[in-house]
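In what follows, a structure is listed as structure tokens, so that the remarks can point back to it.
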Amino acid sequence: MSTYAAIRAVASYLPENTEPNDTTNRIIQKLGIAERHLSKEDEAASDLAVRAAETLFKNYGLASGDIDFVLLCVQHPDYQVPTTACILQDRLGIPKSAGAMDYNLGCSGYAYGLGVAKGLIETGLAHRLLLLTSSVYAKYANPKDMNMRPLFGDGATATFVEGMESDHPMLDGFVFGTDGSGFDKLIIPVGGSRHMPQMTPEVFETDTNGNIRSNYQGRMDGTAITMFSMRTVPGLVKSVLKKAGLQTADLDGCVFHQANHYMLEKLRTRCGLDEVPYYNDLTHTGNLVSGSIPHALTVIERAGKLAGRRHVLLAGFGVGLSWSGCIADFSEMLQRRA
């Protein structure tokens, strides 16, 4: 028996405020998004992450004092400096002896975080790790940009990953990939050290479809992202299965990054997963970026259909361009108390 990292609990938080989409619109119908949750103007990424973590602790009877490492996946941190995970350590009452770090990834970020958690736990550098995601993408989408605004919702998730004695890995088959040549396919041009706000005037533009956005807001080439996903994800699935020593028939679940309903249906068939239990529902959330997979796991867990599943394929893909995947064993899930 060896010590392996295992997902023990999942939880999510969605802001109360919602914004509806025009579900009579043909494109919106294909996206499968009826509404999205939006954070308040004064809510930052850490505020949402705190709510997700507190929900996790309450639901599973966990104590913040038992956490010895905090990982936060975030692309819009509270501040450029300091690290938002450090703020969360204090706000959540996690011991000062714990490590804490942010990492900047979007749609592929959850499996990346699980990979980092596995490395920390299985080398003995951590034992009880809190993996958080927090997305406030909606704040950066112009209300008049119908290319982005109907897609993205705000939300946060919390995952408790713990070292467990087992005769097999509980997180396995990790595959990562990067194509930085597509960095501009989903981008906020101003805000970093390339184009600093104090040196860059805000300029608004209107595209050929009448969408309005500024260089301080998100812009996305939806066609390019879709083509990238269709080209990349089938190979990602094959690579994860091969690395884990599994066949498609061995899978008892598959959770992709929830980009949009239409894309996910196409990918299910293209990846040969029509006979595998497959999550595809972002009706009331929209795209939660790094939080889409763990939120889906939370929904499945609340329905009593997650604990005990041994081979669940998780796959993320998008902004970066970046992709990642792994196989998760949920046989060591804690029993929900709340």
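The values are calculated or read from the model by the stated rules, or taken from the named source; none is laboratory data. None of the values given here were measured: they were computed from a predicted structure. Cβ sites come from the backbone with ideal geometry, for glycine too, and all protein chains shown count toward neighbours. Each accessible area value is taken on the protein alone, full model and side chains, heavy atoms only, with ligands, DNA and RNA left out. Shrake-Rupley method; radii C 1.70, N 1.55, O 1.52, S 1.80 Å.
Screening the range 245-267 for residues that are open to solvent by less than 20 Å² (accessible area, probe 1.4 Å) and of a type in the set (A, V, I, L, M) and picking the one that is farthest from the chain's Cα centre (by Cα) gives 251. Of all residues in the range 58-69, those that are of a type in the set (Ser, Thr, Tyr) have Cβ atoms under 7 Å from Cβ atoms of residues that are assigned to a helix (DSSP H, G or I) and crowded, with 18+ Cβ neighbours inside 10 Å, 6 or more apart or on another chain, in 64/57.
Among the residues in the range 53-64, are any outside any helix (DSSP H, G or I) and open to solvent by 50 Å² or more (accessible area, probe 1.4 Å)? No: zero hits. For the range 216-238, a residue qualifies if it is touching a residue at least 12 places away in the same chain (Cβ under 8 Å), among the hydroxyl-bearing types (Ser, Thr, Tyr) and assigned to a helix (DSSP H, G or I), and the qualifying residues are 226, 229, 232. Residue count for the range 82-109 satisfying the condition of being hydrophobic (A, V, I, L, M, F, W, C) and part of a strand (DSSP E or B): 2. The single condition among (1) open to solvent by 50 Å² or more (accessible area, probe 1.4 Å); (2) among the aliphatic types (A, V, I, L, M); (3) within 19 Å of the chain's Cα centre (by Cα) that residue 300 does not meet is (1). Within the range 154-168, being modelled with pLDDT of 95 or more and not in a strand (DSSP E or B) holds for one residue alone: 154. Total residues in the range 224-236 satisfying the condition of being farther than 24 Å from residue 76 by Cα and open to solvent by 40 Å² or more (accessible area, probe 1.4 Å): the figure is 2. Per the listing 94, 67, 27, the residue uniquely open to solvent by less than 20 Å² (accessible area, probe 1.4 Å) and over 22 Å from the mean Cα position of the chain (by Cα) is 94.
Scanning the range 1-29 for residues that are closer than 14 Å to residue 287 by Cα and charged (D, E, K, R) yields a single hit, 19. Each residue in the range 97-129 was checked for being of a type in the set (Gly, Ala, Ser), more than 14 Å from the chain's Cα centre (by Cα) and open to solvent by less than 40 Å² (accessible area, probe 1.4 Å), and 6 of them qualify. Applying the criterion of being part of a loop (DSSP other than H, G, I, E, B) and in contact (Cβ under 8 Å) with a residue 24 or more places away in the chain to the residues of the range 1-21, the residue that is surrounded by the most Cβ atoms within 10 Å (Cβ to Cβ) is 14.
From the list 218, 182, 155, 173, the one residue that fits, being under 17 Å from the mean Cα position of the chain (by Cα) and not acidic (Asp, Glu), is 155. Taking the range 38-92 as the range and being touching a strand residue (DSSP E or B) at 6+ places or on another chain (Cβ under 6 Å), of a type in the set (S, T, N, Q) and within 27 Å of residue 123 (Cα to Cα) as the test, the residues that pass are 83, 84, 89.
Residue 158 - would you say it is at negative phi, surrounded by 24 or more Cβ atoms within 10 Å (Cβ to Cβ) and among the small types (Gly, Ala, Ser)? Yes.
The set of residues in the range 239-285 that are farther than 22 Å from residue 106 by Cα and in a helix (DSSP H, G or I) comprises 241, 242, 243, 244, 248, 249, 250, 269, 270. Search the range 110-139 for residues being part of a helix (DSSP H, G or I) and hydroxyl-bearing (Ser, Thr, Tyr), and hand back the single one that is farthest from residue 170 (Cα to Cα). The qualifying residue farthest from residue 170 (Cα to Cα) is 137.
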